[in-house]
Amino acid sequence: GAGVSQTPSNKVTEKGKYVELRCDPISGHTALYWYRQSLGQGPEFLIYFQGTGAADDSGLPNDRFFAVRPEGSVSTLKIQRTERGDSAVYLCASSLSTLAGIPGEQFFGPGTRLTVL
Amino acid sequence: AQKVTQAQTEISVVEKEDVTLDCVYETRDTTYYLFWYKQPPSGELVFLIRRNSFDEQNEISGRYSWNFQKSTSSFNFTITASQVVDSAVYFCALSEAYNYGQNFVFGPGTRLSVLP
């Protein structure tokens, strides 16, 4: 079946602009994660959704970052007033629901490379 | 706070050599989960293994094997008879159960180059 898809694959924007990054998880996966990966580093957790609700948004760096998942499927990561330091690859992953605290295998998308000029 | 250290930034081996990638973790939780992911040049992370803190048995899957030692907080990954297709960045990750598996912490990764 189809894997996790992310659009756009590349986004170039200017400092101060607003951007939206989209993630389409694997059908039936209720858990969805957003990560940010800078060059030469591991993914950095941003936010986790279980269904429609953000169960853990402790990784969002500041209030310029916001994410939604209104129908429990597609998710959008929104960044306001972008800064050059926001440049990174933004990764989305989905998994089957975590039962009794057991994290499921995460399936990652190809990422969106965001460049803020 | 949870932390994952992968001290080897880059490793180069010649095809057919065995190679071990080190992972050391820190956690205050007694129940946690450890993972290894592979990120090939194409970019998408691929799940390799999940291990819970109560299962210290070593695991083997084909040419891959994992050595989990709670006494040293290590979860090392060995590739036997490496192949060029094994070239990738490998990440070790930790998830603490108290947080219901919500927050994954990844290590910085080890870039493995397997030369023909």
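The values are calculated or read from the model by the stated rules, or taken from the named source; none is laboratory data. The structure presented is a predicted model; accordingly, all values stated were derived computationally and were not measured. Don't worry about glycine lacking a Cβ; one is built from the backbone with ideal geometry, like all the others, and counts go over all protein chains shown. Heads up: the accessible areas ignore ligands, DNA and RNA and are worked out on the full protein's heavy atoms, side chains in. Shrake-Rupley method; radii C 1.70, N 1.55, O 1.52, S 1.80 Å.
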List the number of the failed condition for A:Y33; all other conditions in (1) free of Cβ contacts under 8 Å to residues at least 12 places away in the same chain; (2) surrounded by 14 or more Cβ atoms within 10 Å (Cβ to Cβ) hold. (1)
Select from the stretch A:60-114 the residues that are open to solvent by less than 10 Å² (accessible area, probe 1.4 Å) and of a type in the set (D, E, K, R) and list them in ascending order. A:R69, A:D86
Scanning the stretch B:69-105 for residues that are at pLDDT below 95 and aromatic (F, W, Y) gives B:Y98, B:Y100, B:F104
So for the stretch B:20-29 (the condition being at pLDDT 90 or above, closer than 28 Å to A:I47 by Cα and within 10 Å of another protein chain (Cβ to nearest Cβ)), does at least one residue qualify? no
Return the residues of the stretch A:1-21 that are closer than 9 Å to A:L114 by Cα, surrounded by 15 or more Cβ atoms within 10 Å (Cβ to Cβ) and hydroxyl-bearing (S, T, Y); say none if nothing qualifies. A:T13
Taking the stretch B:36-84 and keeping residues open to solvent by 30 Å² or more (accessible area, probe 1.4 Å) and among the β-branched types (V, I, T) leaves B:V46, B:I60, B:T72, B:T78, B:T80, B:V84
Consider A:S97 carefully, then state whether it is in contact (Cβ under 8 Å) with a residue 60 or more places away in the chain, more than 13 Å from the chain's Cα centre (by Cα) and within 14 Å of chain B (Cβ to nearest Cβ). yes
Over the stretch A:1-53, the set of residues of a type in the set (A, V, I, L, M), assigned to a strand (DSSP E or B) and within 17 Å of A:G109 (Cβ to Cβ) is A:V19, A:L21, A:A31, A:L32, A:L46, A:I47
Of a type outside the set (D, E, K, R), over 27 Å from A:S38 (Cβ atoms) and within 14 Å of chain A (Cβ to nearest Cβ): which single residue out of B:N52, B:N67, B:N103, B:N58 fits that description? B:N52
